[in-house]
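Remarks on the structure that follows.
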Amino acid sequence: MSLFIGIDSGTQSTKAVVLDLEQRKTLARAQAPHALIEGLPAGHMEQHPRDWTQALDTVIAAVVSKIGSRRAKQVRGIGISGQQHGLVVLDAAGEPIRPAKLWCDTSTAKECALLTAKLGGAKAVLRKTGVPFLPGYTAPKLLWLKRNEPANFRRLFAKGALGKVLLPHDYLNFYLTGRAFMEYGDASGTALMDVRRRQWSRAAIDAIDPRLAEVLPPLSRSDEIVGTLLPQIARRYGLPADTIVSAGGGDNMMGAIGTGNVRAGVVTASFGTSGTIYAYAQKPVVDPEGEIAAFCDSTDGWLPLLCTMNVTTATEAVRGLFGQDHAAFNDAVASLPAGADGLVFLPYLAGERTPNVPNGTGALLGLTTHTLSAAHLARAAMEGVTLGMNYGLRRLAKLGVDAKEIRVTGGGARSSAWRQIMADVFGARVVPMVEDEGAALGGAIQAAWALQRQTDPKAKISALTDALVAVDEARACKPDKHRHALYSQLQAVQDKLSLNLRDLFTLQEANRARSK
Ligand SMILES: Nc1ncnc2c1ncn2[C@@H]1O[C@H](COP(=O)(O)OP(=O)(O)O)[C@@H](O)[C@H]1O
Ligand SMILES: O=C(CO)[C@@H](O)[C@H](O)COP(=O)(O)O
């Protein structure tokens, strides 16, 4: 019997699933929350890596206790998925030098402009690496560290005792095994890698500091094994000493595996803290406009991806305002017609990446004495974030990704009212998965694949996903053509609102800076 544990260290919580490979089912699940550090200036989003390791310990202890110590001895491997792009800097002793700056941190717009100019402009960046410098990505965070916290930056290069630059899931791999490397998928989101050649980009590294080449870990294929659990960790978890840890990957790359998106023709949308839509590709897909990210996936292919920053960030903010639970919130949404009686919500509560408006803020248009209600705000928020994702879906379509059916995963995909809105906005069938935790399942499957490849170097991950990933047809939603037509009009309103507010965002940003 072979069991595999999949972990997804997301922005709001860490989730674990235990996969029984022979029985083809999930045996246990667990979840532990972790919070953002409070009280930081606007735009700064940070978490402490030790909060991730604590949550990891909690969820592994919980699933091990659920399956029992006898079955825990059958665990063969662990695969870790993590929020992408976060900057984890470690000193020579492997201790975090400072908290991690996250994918949703927008404080590095200036550094993006500096790096873009150093590489010769936006087009030159796309030529050299395939990935533009955007505030969410890791490269500008490193330049930010150098410019704003030079003492912390210097600690990476202490004489004779170099530190490390890692991504969130690499840090968890390091915690479990003591070994550090980056697999292609998550590494492609650093904006330090040439995604076409799958190598660190000398030009991008030198633009920040040539010494970074010494503290970036080696790049690895996605089927590689990081190592086995450190003896003390294996003992603490009650898992076999030879439990392997696979390369893992960014949460979207692992979500691709967990939704069976490992061959062309499948499209996945994830409704987590962020919103993402992505599709497997056999070759790099570089968007000449730079809006769709030319990421690698975590099966040694590529994963063109769009990401919006405001999905459950926005719906949860509205839900929290009125103290509703998810059921009441979803009922409120379902109680209103499509279009929320004309209330339009521009959801840039955390700035935005697609379109690239890091200084963006939210807006409501269409308030009347009738629409100023909890239910209208709830529906408008859900519609607004979904329209935001549709902005990028249209761009993906221009790059050749045909989305007649979309597999959905992430917390938001649990809501039936939301799934109908998705289908109507996207004009596509929307199908949830039997296992809602797609990224965690993807971790477990990748670990099983990495182990298989040890004895059968040609083992295909698609054979595993075909056997282990299932869609839940009973909860699928079909688009309604009248509602889709209405949402197309609302899309035009949201697009215009976003464009017309850009100068105002800049003005507001200056006001915020003055009042600090
Ligand atoms: N039924 C639901 N309706 C709407 N939102 C939901 C529902 N269930 C969970 N969520 C939200 O989904 C989010 C968590 O999604 P998840 O994909 O785990 O995020 P992340 O990986 O970014 O931490 C939370 O904000 C949670 O409140
Ligand atoms: O930045 C991106 C993708 O480029 C985000 O999708 C992060 O990877 C965070 O994911 P969630 O916590 O929302 O799943």
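The values are calculated or read from the model by the stated rules, or taken from the named source; none is laboratory data. As the structure is a prediction and not an experimental result, all values here were calculated from the model. A quick note on method: Cβ atoms are made from the backbone with ideal geometry, for glycine too, and the neighbour counts reach across all protein chains shown.
Considering T116, T138, which residue is over 23 Å from Y171 (Cβ atoms) and either aliphatic (A, V, I, L, M) or in the same structural domain as D186 (by TED's automatic domain parsing) (or both)? I'd like the intermediate steps shown before the answer.
Values: T138 fails: over 23 Å from Y171 (Cβ atoms).
Residue meeting the stated conditions: T116.
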Fill in the blank from the handout: Checked against (1) charged (D, E, K, R); (2) within 30 Å of S2 (Cα to Cα); (3) in contact (Cβ under 8 Å) with a residue 40 or more places away in the chain, E405 satisfies every condition except (2)
Completion exercise
Filtering helices (runs of 4 or more DSSP H) wholly in the range 195-252 for at least 2 residues that are of a type in the set (D, E, K, R) gives 202-208, 231-237
Handout entry: Residue in the range 171-196 that is nearest to ligand 2 (Cβ to nearest atom), counting only those that are under 21 Å from Q282 (Cα atoms) and of a type in the set (V, I, T)
Key = T190
Exercise for the section: For A381, indicate whether it is within 18 Å of C307 (Cα to Cα) and part of a helix (DSSP H, G or I). Expected result: yes
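Would you confirm whether any residue within the range 52-60 is of a type outside the set (S, T, Y), surrounded by fewer than 19 Cβ atoms within 10 Å (Cβ to Cβ), modelled with pLDDT of 95 or more and more than 19 Å from L229 (Cβ to Cβ)? Please lay out each step first, then the result.
Step one: filter the range 52-60 for residues of a type outside the set (S, T, Y), giving 52, 54-57, 59-60.
Those still in the list that are surrounded by fewer than 19 Cβ atoms within 10 Å (Cβ to Cβ) too: 54, 57.
Narrowing the set further to residues that are modelled with pLDDT of 95 or more leaves 54, 57.
When the remaining residues are screened for being more than 19 Å from L229 (Cβ to Cβ), the result is none.
Scanning the range 52-60, I find no residue that is of a type outside the set (S, T, Y), surrounded by fewer than 19 Cβ atoms within 10 Å (Cβ to Cβ), modelled with pLDDT of 95 or more and more than 19 Å from L229 (Cβ to Cβ), so the answer is no.
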Problem - Residue, nearest to ligand 1 (Cβ to nearest atom), within the range 290-315, restricted to residues that are among the hydroxyl-bearing types (S, T, Y) and under 19 Å from G10 (Cα atoms) - result: T312
Practice task
Only one of these is buried (at least 16 other Cβ atoms within 10 Å of the Cβ), farther than 24 Å from E435 by Cβ and either more than 15 Å from ligand 1 (Cβ to nearest atom) or over 23 Å from the mean Cα position of the chain (by Cα) (or both): A241, A207, A213, A279. Name it.
Solution key: A207
Practice task
With the condition kept exactly as written, say whether any residue in the range 263-286 is in the same structural domain as E437 (by TED's automatic domain parsing) and over 30 Å from A448 (Cα atoms).
Solution key: yes
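In this structure, is G6 under 25 Å from S274 (Cβ atoms) and within 16 Å of ligand 2 (Cβ to nearest atom)? Quick ask: steps written out before the conclusion?
Details: under 25 Å from S274 (Cβ atoms): yes; within 16 Å of ligand 2 (Cβ to nearest atom): yes.
In short, yes.
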Practice task
Would you please list the contacts, defined by Cβ atoms under 9 Å and residues six or more apart or on different chains, that run from a residue in the range 216-241 that is within 21 Å of V59 (Cβ to Cβ) and touching a residue at least 12 places away in the same chain (Cβ under 8 Å) to a residue that is buried (at least 16 other Cβ atoms within 10 Å of the Cβ) and basic (K, R)?
Solution key: P240/R76
